[in-house]
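Report on the following structure.
Quick note: the coordinates plus some simple rules give every number you see, no bench work behind them. Predicted, not measured: the structure shown is a model, and the values here were computed from it. Quick reminder, even Gly has a Cβ in these numbers, built from the backbone with ideal geometry, and neighbours come from all protein chains shown.
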Amino acid sequence: MSNVAEISALSGFFTAAFLLLGSALALIGSLGLLRLRSFYERVHAPTLGTTLGVGCIAMSSIIYFSTLSGQFVFHEVLIVLFVTVTTPITLMVLVRAALFRDQTERQDASSTSIGSSPRPRE
Amino acid sequence: MNALLAYSLTFAQISLGIAMICAAYRILRGPRAQDRVLGLDTLYVNVMLMLLVFGIKSGSTLYFEMGLVVALLGFVGTVALAKFLLRGEVIE
């Protein structure tokens, strides 16, 4: 608690505000991952943490280290750029895999037992 | 004012820890394989955010590079697992 370096009040306030916002967004996204019912709903929830959560915490880190070192430090932009580029690719490939698995299982179910109830999408 | 920063650092660590527990629960109890992969992706992102918070708390820029490496490994791992779910093999 006491090993936080002394920085000015204004930048300390902004660091704390962005930190609280980013971590709360990441927590809400993970709670959505826990609470939502089907997989296609669950895909949407963690993107709250991967876009705004990463952006806010990186912004807080930029403000803190810029104030601490006295010059403009912005290498956290690398993480934001990388995550922003890779998250849609990841989720698109994952949802395509899930759709493929659902379709193959539906075909298997309809070929083995005709007239059976559709499989619950859980 | 630095007490505010210290308290918010602690709050951020606690809430990111709870978020990691949620993602780990989804990995362990996910009803299907794609839920587990999604939980793993979320866990990687939360670990990366936790490393950034550690970096602010300790005041060293070393944690930033660890966060970058974790983000890279998370992307590669999730895409490889999704590819495995889609095709049955990773490299064809």
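Within 10 Å of each Cβ in A:59-72, how many Cβ atoms from other chains are there, averaged over the peptide?
Details: counts 0, 7, 8, 0, 1, 5, 6, 0, 0, 3, 2, 0, 0, 0.
Counting other chains' Cβ atoms within 10 Å and averaging over A:59-72 gives 2.
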Residue by residue through region B:55-65, which ³J(HN,Hα) values in whole Hz follow from phi under the Karplus form 6.51 cos²θ - 1.76 cosθ + 1.60 (θ = phi - 60°), with glycine and proline marked x? x, 5, 5, 8, x, 10, 8, 5, 5, 4, 5
Give the relative contact order (percent, whole number) for region A:9-84; include only Cα pairs under 8 Å separated by 6+ residues. 36
If one computes the Cα centroid of region B:1-37 and of region B:47-92, what distance in Å separates the two points? 15
Whole-Hz couplings from phi, Karplus 6.51/-1.76/1.60, listed for region A:78-92; x for Gly and Pro: 4, 5, 4, 4, 4, 5, 5, 6, 8, 4, x, 5, 4, 6, 5
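Rounded, prolate or oblate: which fits region A:9-84 when a ≥ b ≥ c are the square roots of the eigenvalues of the alpha-carbon gyration tensor, with rounded for a/c under 1.5 and prolate only if a/b beats b/c? Intermediate results must be reported in sequence, preceding the final value.
Working: a/c = 5.77, a/b = 2.15, b/c = 2.69.
It is oblate, given that a/c is not under 1.5 and a/b is not larger than b/c.
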Per residue of A:30-39, count partner chain C-beta atoms within 10 Å of its C-beta, then hand back the mean as an integer. 5
Averaged over its residues, how many other protein chain Cβ atoms are within 10 Å of peptide B:55-63's Cβ atoms? 5
Of the listed peptides A:16-24, B:39-47, what is their order by residue-averaged count of other C-beta atoms within 10 Å, with the highest listed first? B:39-47, A:16-24
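Any chance you could list the semi-axes, whole Å, largest first, of the equivalent ellipsoid that the Cα gyration tensor gives for the protein assembly as shown, using √(5λ)? Walk me through the intermediate numbers first.
On the way: eigenvalues 306, 57, 26 Å².
Taking √(5λ) for each Cα gyration eigenvalue gives 39, 17, 11 Å.
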Between B:Arg29 and A:Ser69, with labels modelled 7 Å along Cα→Cβ, what's the label distance in nm to one decimal, could you check? 4.4
Got the relative contact order for chain B handy, in percent, Cα pairs under 8 Å and 6 or more residues apart? 24
